[in-house]
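One structure is given here, and the rest of the page talks about it.
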Amino acid sequence: VPSTQQYHPALTKDDSTESICQKIFASETSALTKTLQNLNIQIIEQVAGILSTARRILLCGTGGSQVVARDAQHKLLKVGIHASAVEDKDIQLMEASLLEREDVLVAFSHSGNNVHTLRAVELARQNRATIVVLLREKRSWPRRQIIHLPQ
């Protein structure tokens, strides 16, 4: 597998199990630390308020971002907030097209360039639903007037 597609490019086939564990834990710890340093608490509080009062919440993403959407669904359900995260891209688009002003679409995208997720956002926006986007980097989303949270 090319190093750009590997889970962790610093891993080598000659690494010991202990070395693999250490490298992965160091990488994950670093990612969490960077995320914590970049969090905007005011935006998190704003989004928490939006989600807590939403009539419906649709969580969208594909590939690895779909896994994040499913995890978010699980966490929201655990605190009593109903949210939907469907895997099928066509169903995501249909669900997004049915959202209304009182609803929220949360889009997860590592790059901000996924055509299916962008289309779901556009459909929800046409119906005046609130849009929240979680990205790796704020600059990667090509649209305006969206709340950004580090992923």
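Where a number appears in this text, it was derived from the coordinates with a stated rule and is not lab data. Just so you know, these numbers come straight off a predicted model, no measurement behind them. Cβ coordinates were reconstructed from backbone atoms using ideal geometry, including for glycine residues, and neighbour counts include every protein chain displayed.
Details
- Shape class of the range 44-110 from the Cα gyration tensor (axes a ≥ b ≥ c, square roots of the eigenvalues): oblate, since a/c reaches 1.5 or more and a/b does not exceed b/c.
- Linear extension gain, residue 46 paired with residue 29, 0.36 nm per residue minus alpha-carbon span: 3.5 nm
- Of 13/78; 13/89; 34/78, pairs whose Cα-Cα distance is over 30 Å: 13/78; 13/89
- Selected from 86, 111, 121, residue furthest toward positive end of dipole (the range 82-122; charges at beta carbon): 111
- Once both labels are positioned 7 Å from their Cα atoms along Cα-to-Cβ, the gap between residue 38 and residue 55 label points is 3.5 nm.
- For residue 56, the shell of other residues with beta-carbons less than 14 Å away shows a net charge of -1, using +1 for Lys and Arg and -1 for Asp and Glu.
- Per-q log10 I(q)/I(0), the range 1-133, q = 0.20, 0.21 Å⁻¹ (Debye; single scatterer per alpha-carbon; no solvent): -1.15, -1.22
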